[in-house]
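Encoded as structure tokens, the structure appears first; notes follow it.
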Amino acid sequence: MKSKILLAMGLLIAIVIGSTGCYKDVISPGTDPNGPPQFVSFSGDLIPLFSANCTTSGCHDDKPSHAPSLVPAKAYTSLISGGFVNTISPYQSVIYTEMKSGAMPPSGAIKSSEIQRVLDWIRNGAPNN
């Protein structure tokens, strides 16, 4: 009888130790800059970001004092043709490095999740979507 109780307790202890000893690494989508890039819509994700942080300052508006113009009608063409996006070396894209360093916008740093969206968009080939 005692051996059955000891065996049951030993089995219970083994189960408890085995279940608490497991480690599960959870990485949320879009939080690993070296992970697969998440889908980003230029018009749905980036234009609102630019409108809220870049075009209202007077720096990147319709007639920008600093290139590129980031108003919705001109943003894509200004970024791509102006050399601000490098799809071959996304981490060297001017728009990404300026945002990542905190230099842009001058009003304050953009959230890292939003900077990650810009990087993911570039890593996806900078589509005009």
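Residues in segment 59-74 that are among the acidic types (Asp, Glu) and within 17 Å of PRO106 (Cβ to Cβ): how many? Walk me through it before giving the result.
In the first step, residues of segment 59-74 are kept if they are among the acidic types (Asp, Glu); the result is 61-62.
When the remaining residues are screened for being within 17 Å of PRO106 (Cβ to Cβ), the result is 61.
Matching residues across segment 59-74 total 1.
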Check your understanding: Taking PRO64, is it over 21 Å from PRO37 (Cα atoms), of a type outside the set (S, T, N, Q) and at pLDDT 90 or above?
Key -> no
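Every residue, every condition in (1) outside any loop (DSSP other than H, G, I, E, B); (2) of a type outside the set (S, T, N, Q), yes or no:
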residue: GLN38; (1), (2): no, no
residue: ILE47; (1), (2): yes, yes
residue: HIS60; (1), (2): no, yes
residue: PRO68; (1), (2): no, yes
residue: ALA73; (1), (2): no, yes
residue: SER78; (1), (2): yes, no
residue: ILE88; (1), (2): no, yes
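Please enumerate the residues belonging to segment 69-94 that are touching a residue at least 24 places away in the same chain (Cβ under 8 Å) and either more than 19 Å from GLY125 (Cβ to Cβ) or surrounded by 18 or more Cβ atoms within 10 Å (Cβ to Cβ) (or both). So that I can check it myself, show each step before the final result.
Kept after step one, since they are touching a residue at least 24 places away in the same chain (Cβ under 8 Å), are these residues of segment 69-94: 72, 75-76, 79-80, 85-87, 90-91, 93.
Answer for segment 69-94, where residues must be touching a residue at least 24 places away in the same chain (Cβ under 8 Å) and either more than 19 Å from GLY125 (Cβ to Cβ) or surrounded by 18 or more Cβ atoms within 10 Å (Cβ to Cβ) (or both): PRO72, ALA75, TYR76, LEU79, VAL85, PRO90, SER93.
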All conditions in (1) under 18 Å from VAL40 (Cβ atoms); (2) at pLDDT 90 or above are true of CYS54 except (2)
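The values are calculated or read from the model by the stated rules, or taken from the named source; none is laboratory data. Just so we're clear, the structure is a prediction, and the values are computed from it rather than from any experiment. Don't worry about glycine lacking a Cβ; one is built from the backbone with ideal geometry, like all the others, and counts go over all protein chains shown.
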